[in-house]
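Before any comments, here is the structure.
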Amino acid sequence: MSTAAETTATPAPRAAGPKVALFATCFNDTMWPETLKATVRLLERLGCEVEFPMEQTCCGQMQTNTGYGKDAAPLVRRFVDVFDGYDAVVAPSGSCVGSVREQHATIAREVGDDALLDRVEETAPRTYELSEFLVDMLGVTDVGAYFPHRVTYHPTCHSLRMLHVGDKPLSLLRAVKGIDLVELPGAEECCGFGGTFAMKNADVSIAMGADKARQITSTDAEVVVMSDNSCLAHVGGLLSRHRSGVRRLHLAEILASTEEEQL
Amino acid sequence: MGMPAFPEAAEEALGKTQQRHNLHHATHTIRAKRAGVVGELDDWQALRTAGADAKDEALAHLADYLEQLEENLTANGATVHWARDAEEANRIVTALVKAKETDEVVKVKSMTTQEIELNEALREAGIDAWETDLAELIVQLGGDLPSHILVPAIHRNRSEIREIFLREMGQVGRAAPEDLTDDPARLAEAARLHLREKFLRAKVGISGANFAIADTGSLVVVESEGNGRMCLTLPETLISVVGIEKVLPSWDDLAPMLQLLPRSSTGERMNPYTSTWTGTHDGDGPQEVHVVLLDNGRTHVLGDSIGRQALRCIRCSACLNVCPVYERTGGHAYGSVYPGPIGAVLNPQLRGTASEVDKSLPYASTLCGACYEVCPVKINIPELLVKLRGAVADQERPSAESAAMAAAGWVLSDPRRLGAAQKAANSVGRLLGDRTIRTVPGMGAWTSARDVPTPPTESFRQWWARERGTQ
Ligand code: SF4
């Protein structure tokens, strides 16, 4: 696949770009198809050939993080079966990619399956969060997007501290035409979602989310953007309950928006 | 234990507005200070690795290094005692104090003696143990529990401290001046005068140790106020209670530690007082030195190959100061002297996961990873939390949760089943149109404060099949 690191102002559509497998993640597949459609639109615009292997389901993160790692083993097996043989697997979710890259090997070890561990070590490094794929693999930061609104960005914890995506999402956003990108105070603090934490420790989760929502409204942004719909749903649910009027969008949706096809 | 599970304790703590305000202010201040001084060093990651390696080496050959430590301490004139658990350690210390025919001791702040509740044990034997660290003094006089490893009175503000001093100091020694204000310098002065009387009178001092050096038989205490040095040098007898995981192989290993610890804990480049003592010396310092080496669950933790890394902890408290959960709940919710992220992994490992609080602690985290990022000895706390959740989940099986996970696993293990579940969600979506869901039965905690997104009328999978076919 192409790893050319050219950064063009408006990338020309590629004739035969890399073949990419879209890992939808079960939560996005079920709840946020718009994010996935935007991801497909964006990747195809950048010349990628996108496939969606129908046999895929879930990375097993919920089981793993709740203490049911062994129950996640069949899902890890399915993941490597489905995504074996692709140059790149791309998902618009920092936390699911984090789970694949950081936890699949642990699960394989836990169930003592060496063959599985070998296959995990093959697929996991080829699994990318969207912003990593765009910047590191395609070598673009300007994806030709247009979004003339005031936007603030929250870097979700797994993107930030598990995947170390750094300022890749921000450099992609900065290159969006017309955007008014404003800094979020306390951006690196967790929003309080944490998967089942939001249920098991609801009071603390809400207190954390409410603080995050307050920081967001303090920026006067019209839109809050993240690269994880789970965190977005949590914070968005609080913003909506408080009728803040701040709109929640996934990074992929903003990057897919163009002058011709505005969001 | 009788302590409530974390979610209940947290709910109560969240209601304490003043405490939350104090905690937010204090943790954010120290967080920024730490980040500043750590940012000054370009070899920070190498130092972290050196610190972790020294600890790992000590833990991998713990028995050997402990024997070496004992040998060198003894050769230098100290007496070494071994204590399997808290009760045994308390018994040893009480007997040593009683043999000195005194009914009071002065103490250097020590997490280990708090862990074994030494003060309470001494109290029962009719011995007063005076804490001499300023924050510990505040906690002790206030009849309170510490809520932070480094700043035990973090939940108190100045005016509360002034009230405690005025009310309590006179009951146990030199009273605070009547015109005491809440000016920090005045408060510190009152504490200094109150404590000086005790330092000069005490015949026995009790300390812990931050590090114990095997190849020289030296103990090390790092502190900021100088009270520790008074306790370590003035009394005739010194008793040091040291967890067995405090051992470091060699004197050289101190170098990275003395850089990692102050920067991580107080955000200082160097701590104000570093005291080391190696046995006894005629006519100088304590003439009798006892070292109690404490296990209290540590060898059990050592036996677990992944869990073992928790024993690297140097109690710097950096993980507390960055933890968003600790910031909102404070230390008391953790039901132990070890609060915050390290407490959430250490307590269930040391005490087991039988009690309500210990089995709730591994879940008292969003796994945001901030603790791992700051830990000076690279303890992967999120990894330990997940592992401990596994232990709790296994012990609770079969449970409603394990059944739900199995059901979810059954749906998710097959794309057709997932598709069917999505269609069910889609029909809910169609039914609701674009109205936001405000309550969902069984999801009370979620819907109490957050709007739940409406499921779409078509999953991505369905859209793809319709638009692009199923290959
Ligand atoms: S776990 Fe790490 S960060 Fe936390 S107190 Fe221990 S050494 Fe410090």
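The values are calculated or read from the model by the stated rules, or taken from the named source; none is laboratory data. Predicted model only: the values in this text are computed from it and were never measured. Methodologically, a virtual Cβ is constructed for each residue, glycine included, from the backbone with ideal geometry; neighbour enumeration extends over all protein chains shown.
Here is how the numbers come out for the structure above:
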| item | result |
| --- | --- |
| Single unsatisfied condition, A:N65 versus (1) more than 8 Å from chain B (Cβ to nearest Cβ); (2) farther than 19 Å from B:G429 by Cβ; (3) crowded, with 21+ Cβ neighbours inside 10 Å | (1) |
| Of the criteria (1) part of a helix (DSSP H, G or I); (2) more than 20 Å from the chain's Cα centre (by Cα); (3) of a type in the set (S, T, Y), which one A:S230 fails | (2) |
| Residue within region B:268-280 that is part of a helix (DSSP H, G or I) and more than 10 Å from the ligand (Cβ to nearest atom) present | no |
| Positions within region B:324-340 being more than 12 Å from chain A (Cβ to nearest Cβ), away from the ligand (no atom under 12 Å from the Cβ), crowded, with 24+ Cβ neighbours inside 10 Å and in a helix (DSSP H, G or I), in sequence order | B:Y334 |
| Hits in region B:1-48 - residues which are over 18 Å from B:G267 (Cα atoms), in a helix (DSSP H, G or I) and among the small types (G, A, S) | B:A9, B:A10, B:A13, B:A46 |
| Residue within region B:283-298 that is within 14 Å of the ligand (Cβ to nearest atom) and at pLDDT 95 or above present | no |
| Residues of region B:247-267 classified as over 18 Å from B:E225 (Cα atoms) and within 16 Å of the ligand (Cβ to nearest atom), total | 8 |
| Matching residues, region A:178-217, being within 8 Å of chain B (Cβ to nearest Cβ) and among the polar types (S, T, N, Q) | A:T196, A:N201, A:S205 |
| Every residue from region A:233-258 that is assigned to a helix (DSSP H, G or I) and of a type in the set (G, A, S) | A:A233, A:G236, A:G237, A:S240, A:A252, A:A256 |
| Subset of region B:254-287 (residues that are touching an Asp or Glu at 6+ places or on another chain (Cβ under 8 Å) and touching a residue at least 60 places away in the same chain (Cβ under 8 Å)) | B:R269, B:T280, B:P286 |
| Flag for A:T127 being crowded, with 24+ Cβ neighbours inside 10 Å, of a type in the set (V, I, T), under 30 Å from B:L14 (Cα atoms) and away from every other protein chain (no Cβ under 14 Å) | no |
| Hits in region B:305-323 (condition: in a loop (DSSP other than H, G, I, E, B) and either within 16 Å of the ligand (Cβ to nearest atom) or modelled with pLDDT of 95 or more (or both)) | B:I306, B:C313, B:I314, B:R315, B:C316, B:S317, B:C323 |
| B:E120 being modelled with pLDDT of 95 or more and closer than 30 Å to B:E70 by Cβ | yes |
| Residue that is nearest to the ligand (Cβ to nearest atom), among those in region B:341-391 that are of a type in the set (S, T, Y) and in a loop (DSSP other than H, G, I, E, B) | B:S365 |
| Single match in B:D144, B:D182, B:D133 (criterion: of a type in the set (D, E, K, R) and over 25 Å from the mean Cα position of the chain (by Cα)) | B:D182 |
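Every residue, every condition in (1) without any contact (Cβ under 8 Å) to a residue 12 or more places away in the chain; (2) touching a Leu at 6+ places or on another chain (Cβ under 6 Å); (3) farther than 30 Å from B:S402 by Cα; (4) surrounded by 22 or more Cβ atoms within 10 Å (Cβ to Cβ), yes or no:
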site	(1), (2), (3), (4)
A:C157	no, no, no, yes
A:R161	yes, no, no, yes
A:V165	no, no, yes, yes
A:S171	no, no, yes, no
A:A175	no, no, yes, no
A:T196	no, no, no, no
A:K200	yes, no, no, no
A:D203	yes, yes, no, no
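Condition check ((1) in contact (Cβ under 8 Å) with a residue 60 or more places away in the chain; (2) hydrophobic (A, V, I, L, M, F, W, C); (3) crowded, with 18+ Cβ neighbours inside 10 Å) across all residues:
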{"position": "B:D394", "(1), (2), (3)": "no, no, no"}
{"position": "B:M405", "(1), (2), (3)": "no, yes, yes"}
{"position": "B:G409", "(1), (2), (3)": "no, no, yes"}
{"position": "B:D414", "(1), (2), (3)": "no, no, no"}
{"position": "B:L418", "(1), (2), (3)": "no, yes, yes"}
{"position": "B:K423", "(1), (2), (3)": "no, no, no"}
{"position": "B:S427", "(1), (2), (3)": "no, no, no"}
{"position": "B:R430", "(1), (2), (3)": "no, no, no"}
